[in-house]
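Notes to accompany the following structure.
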Amino acid sequence: MAYNTIIVEVEDQIATVRLNRPDALNALNAELLSELAQAVAELEADARVRCTILTGSEKSFAAGADITEMADLNFVDVFSTDYLAADAEAIMRCRKPIIAAVSGYALGGGCELAMMCDFILASETAKFGQPEINLGVVAGLGGSQRLTRFVGKSKAMEMHLTGRFMDAEEAERSGLVSRVVPVKKLMEEAQAAARKIAEKSALATMVVKEAVNRSYETTLREGLLFERRAFHSLFATEDQTEGMTAFKEKREAQFRDK
Ligand code: HXC
């Protein structure tokens with residue numbers, strides 16, 4: 001499928017979705033979010049794909065929602081279309097793993113888009129921020145909620161109130177990103193992680209996504225019960241038998257998603 005604002009490639013079970021509006025530092029406009037939602041839905045349905053990497057350019061993952069597009073919108077426009085958010089929900093609905101590989105700017109909606117993914121791998125040049133306050137608005141794709149859960153109230157509040165950016169080292173220290181890697185190695189590292197994920201049972205990867213995400217949405221007691229039942233449920237799969245048999249036989253497991 002050809003898109004105007006993103007480039008989608010599938011190779012060897014891994015999909016790479018590259019945000020591609022270089023003249024605007026990959027600012028997120030309605031067309032890009034709509035194409036992204038469509039691509040994610042297609043990759044979800046594509047049996048060849050076991051993991052997706054969402055990335056931008058070396059200079060910018062995404063510098064936020066497109067200010068040029070937003071400048072002329074009014075309340076009715078953004079409310080009636082649920083501006084950008086309705087399409088962004090597609091990322092959250094995706095049951096297959098999505099890794100954000102972030103280099104350069106991940107600001108505003110860009111930071112929020114990265115946080116919607118399952119984890120963020122950052123290059124040394126990554127810069128995260130929620131500078132919407134400078135435009136007289138606030139985060140609108142989850143930044144006030146997710147950033148606060150990831151890095152804690154004090155740092156999240158400071159970033160939202162002042163609009164200051166966080167560099168990659170600070171982002172790793174505060175738990176926003178899983179790892180920081182050299183800029184030239186970002187895609188190689190993301191692919192290596194995606195490859196590891198692709199080798200697993202897709203049933204188990206879907207279940208563990210649900211369980212970890214549940215931890216943000218429920219009490220510890222309910223989350224623990226959910227996890228236990230999720231664990232129990234995987235004993236209904238052939239992949240559980242294969243995984244444990246392979247361990248005993250000292251060989252690599254051959255999962256069949258059954
Ligand atoms: C539209 C953008 C843009 C954006 C950059 N550009 N960010 N266009 N929307 N968010 C464009 C610039 O206008 C410029 O176009 C080109 O990209 C290069 O940007 P420069 O500013 O010249 O680059 P630089 O000096 O390196 O500064 C980079 C930057 C700065 C620090 C990232 O561009 C910046 O502050 N951008 C805005 C970041 C921001 O406020 N994001 C939050 C948006 S609100 P021209 O044509 O002049 O070359 C948001 C809300 C989300 O995200 C919620 C939605 C529901």
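Looking only at residues that are over 11 Å from the mean Cα position of the chain (by Cα) and buried (at least 21 other Cβ atoms within 10 Å of the Cβ) in segment 71-95, which one is nearest to the ligand (Cβ to nearest atom)?
Step by step, filter segment 71-95, then rank; the result is Leu84.
Just to verify a result, which residue in segment 139-151, among those that are within 8 Å of the ligand (Cβ to nearest atom) and either aromatic (Phe, Trp, Tyr) or free of Cβ contacts under 8 Å to residues at least 40 places away in the same chain (or both), is least open to solvent (accessible area, probe 1.4 Å)?
The initial filter retains those residues of segment 139-151 that are within 8 Å of the ligand (Cβ to nearest atom), namely 139-141, 143.
Checking the rest, the ones that are also either aromatic (Phe, Trp, Tyr) or free of Cβ contacts under 8 Å to residues at least 40 places away in the same chain (or both) come to 139, 143.
Details: Ala139: 21, Gly143: 0 Å².
Checking each candidate, the answer is Gly143.
Taking only segment 126-138 into account, find how many residues are within 19 Å of Ala168 (Cβ to Cβ) and within 12 Å of the ligand (Cβ to nearest atom).
5
Name the residues in segment 68-100 that are part of a loop (DSSP other than H, G, I, E, B) and hydroxyl-bearing (Ser, Thr, Tyr), would you?
Looking only at segment 68-100, we keep the residues that are part of a loop (DSSP other than H, G, I, E, B), and these are 71-74, 82-84, 94-97.
Matches in segment 68-100: Tyr83 only.
Of all residues in segment 119-135, which are open to solvent by 60 Å² or more (accessible area, probe 1.4 Å) and either outside the structural domain of Arg164 (by the TED database) or under 12 Å from the mean Cα position of the chain (by Cα) (or both)? Explain how you work it out, then say what you get.
Let us first name the residues in segment 119-135 that are open to solvent by 60 Å² or more (accessible area, probe 1.4 Å), namely 119, 124, 127, 133-135.
Once the filter is applied, which keeps residues that are open to solvent by 60 Å² or more (accessible area, probe 1.4 Å) and either outside the structural domain of Arg164 (by the TED database) or under 12 Å from the mean Cα position of the chain (by Cα) (or both), segment 119-135 yields only Phe119.
Among the numbered conditions (1) more than 20 Å from Arg21 (Cα to Cα); (2) more than 12 Å from the ligand (Cβ to nearest atom); (3) touching a strand residue (DSSP E or B) at 6+ places or on another chain (Cβ under 7 Å), tell me where Gly163 comes up short.
For Gly163, the failing item is (2).
So which residues in segment 212-244 are part of a helix (DSSP H, G or I) and under 23 Å from Gln13 (Cβ atoms), if there are any at all? Give the steps one after another, and end with the answer.
Filtering segment 212-244 for residues part of a helix (DSSP H, G or I) gives 212-214, 220-236, 238-244.
Val212, Asn213, Leu234, Glu238, Asp239, Gln240, Thr241, Glu242, Gly243, listed by residue number.
Taking Ser103 and the conditions (1) within 18 Å of the chain's Cα centre (by Cα); (2) within 25 Å of Val208 (Cβ to Cβ), which numbered condition does it fall short on, given that it satisfies the others?
Tallying (1) within 18 Å of the chain's Cα centre (by Cα); (2) within 25 Å of Val208 (Cβ to Cβ), Ser103 fails exactly one: (2).
Hey, can you tell me all the residues within segment 158-168 that are more than 18 Å from Leu135 (Cβ to Cβ) and not acidic (Asp, Glu)?
Met166, Ala168
Let's see how each residue does on (1) of a type in the set (A, V, I, L, M, F, W, C); (2) more than 30 Å from Phe75 (Cα to Cα); (3) at pLDDT 95 or above; (4) out of contact with any Ser or Thr (no Cβ under 6 Å at 6 or more places or on another chain):
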residue	(1), (2), (3), (4)
Asp118	no, yes, yes, yes
Pro131	no, no, yes, yes
Gln145	no, no, yes, yes
His160	no, no, yes, yes
Phe165	yes, no, yes, yes
Glu170	no, yes, yes, yes
Leu176	yes, yes, yes, yes
Lys185	no, yes, yes, yes
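Suppose we keep only residues that are in a helix (DSSP H, G or I) and either away from the ligand (no atom under 16 Å from the Cβ) or open to solvent by 60 Å² or more (accessible area, probe 1.4 Å) (or both) within segment 3-34. Which one would you say is nearest to Val78 (Cα to Cα)? Give the steps one after another, and end with the answer.
Within segment 3-34, the first condition is being in a helix (DSSP H, G or I), and the residues that meet it are 22-24, 30-34.
From what is left, the residues that are either away from the ligand (no atom under 16 Å from the Cβ) or open to solvent by 60 Å² or more (accessible area, probe 1.4 Å) (or both) are 22-23, 31.
Numbers: Pro22: 25, Asp23: 24, Glu31: 14 Å.
Within segment 3-34, the match that is nearest to Val78 (Cα to Cα) is Glu31.
Answer with yes or no whether Val183 is open to solvent by 80 Å² or more (accessible area, probe 1.4 Å) and either in contact with a strand residue (DSSP E or B) (Cβ under 9 Å, 6 or more places away or on another chain) or over 11 Å from Ala101 (Cα atoms) (or both).
Numbers: open to solvent by 80 Å² or more (accessible area, probe 1.4 Å): no; either in contact with a strand residue (DSSP E or B) (Cβ under 9 Å, 6 or more places away or on another chain) or over 11 Å from Ala101 (Cα atoms) (or both): yes.
No; evaluated as a whole, the condition is false for this residue.
The values are calculated or read from the model by the stated rules, or taken from the named source; none is laboratory data. Model, not experiment: these values are computed from the prediction. Neighbour counts are summed over all protein chains in view; Cβ atoms, including those assigned to glycine, are modelled from backbone coordinates with ideal geometry. Accessible surface is based on the protein model in full, side chains and every heavy atom, while ligands, DNA and RNA are left aside. Shrake-Rupley method; radii C 1.70, N 1.55, O 1.52, S 1.80 Å.
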